[in-house]
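See structure below.
The values are calculated or read from the model by the stated rules, or taken from the named source; none is laboratory data. Please read these numbers as outputs of a predicted model, since none were measured by experiment. Backbone-built Cβ (ideal geometry, glycine too); neighbour counts: all protein chains shown. Heavy atoms of the whole protein, side chains included, go into the accessibility calculation; ligands, DNA and RNA do not. Shrake-Rupley method; radii C 1.70, N 1.55, O 1.52, S 1.80 Å.
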Amino acid sequence: MLPDFRVRQRDYLLEITRAITAQLDLDEVLRVVLTASLAMLAGEVGLIALREPDRRFRARATIGVEPDKFALFDPLLENLTDETDAGLNLTELDLKMRLVARKLDIRLRQVVALPMMIRREILGVIFVFRTYAGQASANDQVILQSFADQAAIAVVNARLYQTVSEERGRLAAILDHSADGVMILAPDQRITRFNRALGRFTGWTPAETIGRMHDTVIVWDRIDQGQSLGAALRTGWGRDRQLNPLYVEGDIVRPDGSRISLGITYAPLINEEGHLINIIANVRDITHWRRAQEAKNTFISVISHELKTPVALIKGYASTLRREDADWDRQTLNNGLKIIEEETDRLSELIDNLLAASKLQAEGMRLAHIEAVDLTQLAARSVERFRTQTKKHTLIVDFPPDFPEIQGDEARLRQVIDNLINNAIKYSPSGGKIRLSGSIEPTSVSLSISDQGVGIPRDEQDHIFDPFYRVEDSLSRQTQGTGLGLYLSKAVIEAHGGSITVESQPNKGSTFRITLPR
Ligand code: ADP
């Protein structure tokens, strides 16, 4: 042992203690321990082996040898497992060391092995190799062992820290990749965590929200259920041990001014003493659910209206015609029966449409048989049928002579054309021209149906293809309709690989354009 060892021993012990508190990176701890060990024992080469979970020892840090020579030290680490708990067999280690030294081609004379112990268990061994043989006094050995024990504490701390950080990282990743929005609030409602899904819902980047007050990020435009977190906290929520979650549902305003429907469940996290330490919020985007709910409501109101009118008419005419005290002439009788027949047709058409729509939602649009379809002829025939039904409108068919045939489901395409002509008539109550024109493009053909009717406001144009959607105005209230025609038409055209679009100006008219592949 070097003469000034005792003077320096305190410094080294201090250095290790500092490594324990300052360094939490395992590799760095091992490096500091090994450097100090080599300096204390005036060694040339050093190695630290740690016991792995499988209880075998593996080289984790070296000084004086390249990491690719680690494997050469393996003989030293073999059989260490059983012997070590009872103390290291130094004579055997010395023998092995000589073998290793020969392989490494370095002149090593002695190995000092310091077991790193925690609660009588060996956690690892510090090996110091020297070029000369020297004896350590009993006192030196005590000091060296206490140094090795300090090192063991540092290693355990670093390992614990590693486990904790890995666990933390894993939890953060789970939180971040969760499809639900998650945020964690401090008791004063400041945001301490905000995951990516919530960023997508709210339009905030998670980093922007950290440290902000909850109310400045979750800005309710409308609350449909429950009360805001601020209001709940003011009335005592989260103060008692009752772990009742708070549920709030409604629309929030995002930074760009748009709205989104959210359902948020806040759960208070309360410690042993009954103090609120965190609020954990789970956030769901309920826009789709809301839309489905609205569609259901519209469906019910549309259906009840559409069913009630014809049924009332049928019932009214039937009971009038049946009156025993009246003797109806042929003309009146016919008129009444005609209305009953028409209304029955309307009812059966409505039922067909409903069935088609529910089938479409369940299994998508299915085309029956695909055959060559002559759209020019199809359009001309439909126009003929509708001409007899209106005197106010002028129906024009305008197709180029060489308009090609396309492959399609003729019955379905006829339904689409009929629906579009029917709409053109319904939504131009003052009459005007209705023109069906065809045009040919290199890979597709188009069919346009234009009218001079009420038109469709810009912001409604995106919605008219949605199921049950009808533009809310006085005309639609007076005209029969379920809002299913365009929805079904679009599905038919898309099943053909085509598209349907609308161009319209209120009070000028509308043009629906179908494009189909050739
Ligand atoms: P319905 O006619 O049964 O209401 P559609 O799906 O065919 O259902 O049309 C949806 C809505 O689009 C209509 O209620 C109407 O408000 C609007 N619309 C459709 N075609 C026209 C048109 N040619 N001109 C003006 N509005 C139209």
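Projected label points at Ser301 and Gln480, each 7 Å from Cα along the beta carbon direction, are separated by 2.2 nanometres. Expressed as a fraction of 2.2 N^0.38 Å, the C-alpha radius of gyration for the stretch 179-285 is 1.01.
Treating only the Cβ atoms of Lys and Arg (+1) and Asp and Glu (-1) as charged, compute the dipole magnitude of the stretch 232-314 about its Cα centre; round to the nearest 20 debye. Mind showing how you got there, number by number?
On the way: 10 positive and 9 negative charges, 44 e Å.
Dipole size: approximately 220 debye.
Assuming charge only on the beta carbon of Lys and Arg (+1) and of Asp and Glu (-1), the dipole of the chain about its Cα centre is about 560 debye to the nearest 20. Across the options Leu108, Tyr469, Gln389, the greatest Cα extent toward the positive end of the charge dipole of the chain (unit charges at beta carbon of Lys, Arg, Asp, Glu) belongs to Leu108. Helical runs (DSSP H, four residues minimum) scored at -39500 (n - 2.57) apiece and divided by the length of the chain put the mean residue ellipticity at 222 nm at -15000 deg cm²/dmol. Expressed as a whole percent, the accessible surface of the stretch 4-169 that belongs to carbon and sulfur atoms is 52, based on a 1.4 Å probe.
Across the stretch 4-169, the mean sequence separation of Cα contacts (distance under 8 Å, 6 or more residues apart), normalised by length, yields a relative contact order of 28 percent.
With only Cα atoms counted, the stretch 242-391 has Rg and Dmax values of 28.3, 91 Å. The H on the amide N of Val397, modeled in the peptide plane, is under 5 Å from the matching H of Leu436, each at least 5 residues off or on a different chain.
Please report the relative contact order for the stretch 176-224, taking Cα pairs under 8 Å with a sequence separation of at least 6, and give it as a percent rounded to a whole number.
On the way: 70 pairs, mean separation 15.1, N = 49.
Averaging sequence separation for qualifying contacts and normalising by length gives 31 percent for the stretch 176-224.
Ordering Ser430, Leu26, Ile406 by Cα displacement along the dipole of the chain toward the positive end leaves Leu26 in first place; charges were set at the Cβ atoms of Lys, Arg (+1) and Asp, Glu (-1). Think of the stretch 4-169 as having a plus end and a minus end, set by charges on the Cβ of Lys, Arg, Asp and Glu; of Phe73, Gly124, Met97, Met97 sits farthest toward the positive end of this dipole.
Hey, what's the chain come to in accessible area per residue, 1.4 Å probe, Å²? List each step's numbers first, then the result.
Numbers: 28820 Å² over 518 residues.
Solvent-accessible surface per residue comes out at 56 Å².
With contacts taken as Cα pairs under 8 Å and at least 6 residues apart, the chain reaches a relative contact order of 8 percent. The magnitude of the dipole of the stretch 271-394, with charges of +1 and -1 set on the Cβ of Lys/Arg and Asp/Glu and taken from the Cα centre, is near 440 debye.
Where Lys and Arg each count +1 and Asp and Glu each count -1, what net charge lies around Val445 among other residues with Cβ under 12 Å from its Cβ? Overall, the nearby charge balance is -2. Once the Cα atoms are used to define both axes, helix 410-426 deviates from the longest principal axis of the chain by about 70 degrees. In this structure the amide hydrogen of Phe194, modeled in the peptide plane, comes within under 5 Å of the amide hydrogens of Ile184, none closer than 5 places in sequence on its chain.
The 3J(HN,Hα) values that the Karplus relation (6.51, -1.76, 1.60; θ = phi - 60°) gives for the stretch 278-288 are, in residue order, 7, 10, 10, 10, 9, 10, 10, 7, 10, 3, 5 Hz. Gly and Pro appear as x.
Label positions at Glu384 and Leu355, each projected 7 Å from the Cα along the C-beta direction, are separated by 2.8 nm.
How far is helix 375-387 tilted, in degrees, relative to the longest principal axis of the Cα atoms in the chain, given as a value from 0 to 90 rounded to the nearest 10? So the helix axis and the longest Cα principal axis differ by about 50 degrees.
Calculated on the Cα set of the chain, radius of gyration then Dmax: 42.3, 137 Å.
Taking amide H as placed 1.01 Å from N in the peptide plane, the amide H of Arg56 sits under 5 Å from none that are at least 5 places away or on another chain.
Quick check on the stretch 301-360: what does the Kirkwood estimate of hydrodynamic radius come out to from the alpha carbon pairs, in Å?
Values: mean 1/r = 0.0781 Å⁻¹.
Every distinct Cα pair counted, the radius reaches 12.8 Å.
Here the Karplus relation 6.51 cos²θ - 1.76 cosθ + 1.60, evaluated at θ = phi - 60°, turns the backbone of the stretch 497-509 into coupling constants of x, x, 9, 10, 9, 10, 10, 7, 10, x, 6, 10, x Hz, with x for every Gly and Pro. For the stretch 227-235, putting each phi into the Karplus relation 6.51 cos²θ - 1.76 cosθ + 1.60 with θ = phi - 60° gives couplings of 9, 5, 4, x, 5, 5, 5, 5, 9 Hz, in residue order, rounded to whole numbers and with x for Gly and Pro.
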